[in-house]
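S.K.: Let me give you the structure first, and then I'll get to my questions.
The values are calculated or read from the model by the stated rules, or taken from the named source; none is laboratory data. Source: prediction; values computed, not measured. Cβ atoms come from the backbone with ideal geometry, glycine included; neighbour counts cover every protein chain shown. Note: areas computed on protein heavy atoms with side chains; ligands, DNA, RNA excluded. Shrake-Rupley method; radii C 1.70, N 1.55, O 1.52, S 1.80 Å.
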Amino acid sequence: MSLSRRTILLSGAAIGAAGAVTGLPAAAGAAAGRPLAYPFTLGVASGDPDHEGFVLWTRLAPQPLAEDGLGGMPDRDVPVHWELAADERFRHVVRRGIAVARARSAHSVHVELAGLLAGREYFYRFRAELHVSPTGRTRTAPAPWTMPAALAMGFASCSQYEHGYFTAYRRLAETEPELILHLGDYQYEYAPDTYNVPGGNPRDHEGPETRTLANYRQRHAQYKTDPDLQAAHAVAPWAVVFDDHEVENNWADEVPEAPDPEFPARRAAAFQAYYENMPLRRTSIPRGIDMQLYRRVRWGRLATFHMLDTRQYRDDQACGDGYRDCAAASDPARSITGAAQEAWLLDGFRRSDAQWDILGQQVFFAQRDNNSGPLTVTSMDAWDGYVASRDRITRGWLAAGVRNPVVLTGDVHAHWASDLKLDYADPTSRTVGTELVCSSITSTGDGADSASGSHPWFAFNPHLRFQNNLRGYVRTTITPGQLTADFDVLPYVSRPDAPAYTRASFVIEDRVPGLHQTADNPLPSALRGGAPSVDPGQQTVDQETVRP
Ligand SMILES: [Fe+2]
């Protein structure tokens, strides 16, 4: 323990009184074993806000990279004091308590709070024995009956640790969003040196391909040690959904990528570690191979976020996966959501009184044909592989009179923006919604800038409006009258500390589905930093289908 840490504790600024521990059963107290080394190496997080609370998260791991996934923790439960304040210096503490970091949950802590004031900013921190965590900032959503003037939020996906530095997470944190959505591929399952970017991976995974609970716990811990990721978690509440790589590439319900009798156990292990390492409510505690991930986050009457799970209940990819011209993809019996989630979503559309109904989800929603000829060749892993599912959801929001439907997406490792159509085969059919797709935080490496509108697929997909193959995230500012989307990019991720740059901006007006571009800013040469100035492959199919 450092002198400064002790000084902080003795000055009374640390959480709780030392005597509070004595109220605990002796077996759970600090006296039961050797003192812990500093355990807050994974940072802190909060998530799933509603108008009266949220989840506070941390996990104790003095040796985060330990091969057994247990973070160097002793095999005993450890009391963790938590404290919630109205101010960053904890002068006005509004709640405090003790949670138990259980050995059987890899010493993760989930504190689910209710009864707080709506629409307020809060600060939180934890203490275990004499160690104090970093401070996190979070907030409650506005009251359900109110119309907030604005929500500044951001969304991100696809952070392959090996493919680069997580600078994009830090740049997103620096914009101080009120809410962050993570739309999947938060981590990747691969062994070191099996998924490589051109020029080589600047960082390596620890441990083998993740298959066991120990593997997934270790991998989550490695990701969470990243200071840029910790900064993004500490700045705002997150709402997370997994995609495929938190388990395995392109899994579909109980069907793995390649035949594997052990897949149910692998999926259960991945879900358990995902829950342990994310600020999720207790409703998402996994039960065997099942985990409740789809849910809603409401932001007053301004926005309702319908967070979807398009992996756990989907039919297997049609025509053997990949990019195909596949009639079976349009089979009305096929579903990417499963029947129960589809009914839940359509019911949510009917009940919604939100100004903006936003789908936070994993894979490309609009049709994206890569064939310039008469074939329609699309990704069987995206909504294109589940055409009737997409049709039912789209017609469902139209039938319900959803005022402003917007789909937010990750997965494809490039920024895209699209008008959504009732009939993609007819370019004159009406625009019925809008899709915003964020690039990856790091996946596929540096990438390159390209002229807006130059992507070859635009010629035969006129509803696609924007694409950029640099890494980044999307910031959205939502007001009752419009939604503004800023597509931020980084000139490189192969080295740390890149600046962020707003590459393009779009506006969606209230009751007017579709995109209006308000800014188009080619990357200045001074920011390119050695990355090629023009994308030589223009985000080729190959690049995307390998393992997005
Ligand atoms: Fe990905």
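S.K.: Taking the condition within 16 Å of the ligand (Cβ to nearest atom) and modelled with pLDDT of 95 or more, does Tyr473 pass? Before you say what the answer is, go through the steps one by one.
M.R.: Values: within 16 Å of the ligand (Cβ to nearest atom): yes; modelled with pLDDT of 95 or more: yes.
Answer is yes for this residue.
S.K.: Which residues, taken from segment 117-135, are over 21 Å from Val78 (Cα atoms) and of a type outside the set (Ser, Thr, Tyr)? Lay out the reasoning, then the answer.
M.R.: As a first pass, look at segment 117-135 and keep what is over 21 Å from Val78 (Cα atoms): 117-123.
Matches in segment 117-135: Leu117, Ala118, Gly119, Arg120, Glu121, Phe123.
S.K.: Could I ask something else about it? Going by the structure shown, is Ala343 small (Gly, Ala, Ser), closer than 21 Å to Trp251 by Cα and over 23 Å from the mean Cα position of the chain (by Cα)? Even if it seems obvious, please write down each step before you answer.
M.R.: Numbers: small (Gly, Ala, Ser): yes; closer than 21 Å to Trp251 by Cα: no; over 23 Å from the mean Cα position of the chain (by Cα): yes.
When the stated conditions are applied, Ala343 does not pass them.
S.K.: What are the pairs, 6+ residues apart or on separate chains, where a residue within segment 93-106 that is in contact (Cβ under 8 Å) with a residue 60 or more places away in the chain has its Cβ under 6 Å from a residue that is in a loop (DSSP other than H, G, I, E, B) and open to solvent by less than 70 Å² (accessible area, probe 1.4 Å)?
M.R.: Val100/Asp77
S.K.: When the residues of segment 60-86 are filtered to those that are outside any strand (DSSP E or B) and touching a Pro at 6+ places or on another chain (Cβ under 9 Å), which remaining residue is nearest to Phe126 (Cα to Cα)?
M.R.: So, considering only residues that are outside any strand (DSSP E or B) and touching a Pro at 6+ places or on another chain (Cβ under 9 Å), the one nearest to Phe126 (Cα to Cα) is Leu60.
S.K.: Could you check, for segment 404-419, whether at least one of its residues is at pLDDT 95 or above, away from the ligand (no atom under 16 Å from the Cβ) and open to solvent by 30 Å² or more (accessible area, probe 1.4 Å)?
M.R.: Taking segment 404-419 and keeping what is at pLDDT 95 or above, we get 404-419.
Checking the rest, the ones that are also away from the ligand (no atom under 16 Å from the Cβ) come to 404-407, 417-419.
Pick out the ones that are also open to solvent by 30 Å² or more (accessible area, probe 1.4 Å) and you get none.
The answer is no; no qualifying residue exists.
S.K.: Next question, about the same structure. Test each condition in (1) within 16 Å of the ligand (Cβ to nearest atom); (2) open to solvent by less than 10 Å² (accessible area, probe 1.4 Å) for Asn201 and report the one that comes out false.
M.R.: Single failed check for Asn201: (2).
S.K.: Collect the residues in segment 420-433 that are open to solvent by 10 Å² or more (accessible area, probe 1.4 Å) and either within 16 Å of the ligand (Cβ to nearest atom) or among the small types (Gly, Ala, Ser) (or both), keeping them in residue-number order. I'd like the intermediate steps shown before the answer.
M.R.: Restricting attention to segment 420-433, the residues satisfying the condition of being open to solvent by 10 Å² or more (accessible area, probe 1.4 Å) are 421-431.
Answer for segment 420-433, where residues must be open to solvent by 10 Å² or more (accessible area, probe 1.4 Å) and either within 16 Å of the ligand (Cβ to nearest atom) or among the small types (Gly, Ala, Ser) (or both): Ala425, Ser429.
S.K.: Then there is this: Scan segment 251-271 residue by residue and report those that are in a loop (DSSP other than H, G, I, E, B) and surrounded by fewer than 23 Cβ atoms within 10 Å (Cβ to Cβ).
M.R.: Answer for segment 251-271, where residues must be in a loop (DSSP other than H, G, I, E, B) and surrounded by fewer than 23 Cβ atoms within 10 Å (Cβ to Cβ): Asp253, Glu254, Pro256, Glu257, Ala258, Pro259, Asp260, Pro261, Glu262.
S.K.: Just one of (1) touching an Asp or Glu at 6+ places or on another chain (Cβ under 6 Å); (2) open to solvent by 10 Å² or more (accessible area, probe 1.4 Å) trips up Tyr274, so point out which.
M.R.: The failed condition is (2).
S.K.: Mind listing whichever residues of segment 87-106 are outside any strand (DSSP E or B) and in contact with an Asp or Glu (Cβ under 8 Å, 6 or more places away or on another chain)?
M.R.: Step one: of segment 87-106, the residues outside any strand (DSSP E or B) are 87-92, 102-106.
Residues satisfying the conditions are Phe90, Arg102, Ala103, Ser105, Ala106.
S.K.: Also, I was wondering about something else. Give the residues of segment 243-273 that are within 16 Å of the ligand (Cβ to nearest atom) and out of contact with any Phe, Trp or Tyr (no Cβ under 6 Å at 6 or more places or on another chain), sorted by residue number.
M.R.: Our first condition is that a residue be within 16 Å of the ligand (Cβ to nearest atom); within segment 243-273, this holds for 243-252, 257, 270.
Selection gives Asp243, Val247, Glu248, Asn249, Asn250, Trp251, Ala252, Glu257.
S.K.: Only one of Gly33, Gly69, Gly12 is at pLDDT below 50 and farther than 18 Å from Leu229 by Cβ. Can you tell me which? Can you show your working first?
M.R.: On the way: Gly33 fails: at pLDDT below 50; Gly69 fails: at pLDDT below 50.
Within the list Gly33, Gly69, Gly12, the selection yields Gly12.
S.K.: Given the criteria buried (at least 20 other Cβ atoms within 10 Å of the Cβ) and more than 16 Å from the ligand (Cβ to nearest atom), does Val235 qualify? Explain how you work it out, then say what you get.
M.R.: Working: buried (at least 20 other Cβ atoms within 10 Å of the Cβ): yes; more than 16 Å from the ligand (Cβ to nearest atom): yes.
Here the answer is yes, as Val235 does meet what is asked.
S.K.: I would also like to ask the following. Scan segment 244-264 and report the pairs whose first residue is at pLDDT 95 or above and whose second residue is within 16 Å of the ligand (Cβ to nearest atom) and among the aliphatic types (A, V, I, L, M), with Cβ atoms within less than 7 Å and a gap of 6+ or a chain change.
M.R.: Pairs that qualify, where the first residue is at pLDDT 95 or above and the partner is within 16 Å of the ligand (Cβ to nearest atom) and among the aliphatic types (A, V, I, L, M), are Glu246/Ala270; Val247/Ala270.
S.K.: Here's a follow-up. Filter segment 331-355 down to the residues that are closer than 22 Å to Asp510 by Cβ and assigned to a loop (DSSP other than H, G, I, E, B) and list them by number.
M.R.: The answer is Ser352, Asp353, Ala354, Gln355.
S.K.: Yes or no: Trp145 touching a Gly at 6+ places or on another chain (Cβ under 8 Å), touching a residue at least 60 places away in the same chain (Cβ under 8 Å) and surrounded by fewer than 22 Cβ atoms within 10 Å (Cβ to Cβ)? Steps first, please.
M.R.: Numbers: touching a Gly at 6+ places or on another chain (Cβ under 8 Å): yes; touching a residue at least 60 places away in the same chain (Cβ under 8 Å): yes; surrounded by fewer than 22 Cβ atoms within 10 Å (Cβ to Cβ): yes.
Yes.
S.K.: Sticking with this one: For segment 154-189, give me the residue count where each residue is within 14 Å of the ligand (Cβ to nearest atom) and open to solvent by 10 Å² or more (accessible area, probe 1.4 Å).
M.R.: Looking only at that region, the number is 1.
S.K.: Filter segment 435-463 down to the residues that are under 25 Å from Val406 (Cα atoms) and within 16 Å of the ligand (Cβ to nearest atom) and list them by number.
M.R.: Those that are under 25 Å from Val406 (Cα atoms) and within 16 Å of the ligand (Cβ to nearest atom): Val437, Cys438, Ser439, Ser440, Ile441, Thr442, Ser443.
S.K.: Restrict the check to segment 361-375 and report whether at least one residue is surrounded by 23 or more Cβ atoms within 10 Å (Cβ to Cβ), within 16 Å of the ligand (Cβ to nearest atom), in a strand (DSSP E or B) and not β-branched (Val, Ile, Thr).
M.R.: No, there is no match, as no residue in segment 361-375 is surrounded by 23 or more Cβ atoms within 10 Å (Cβ to Cβ), within 16 Å of the ligand (Cβ to nearest atom), in a strand (DSSP E or B) and not β-branched (Val, Ile, Thr).
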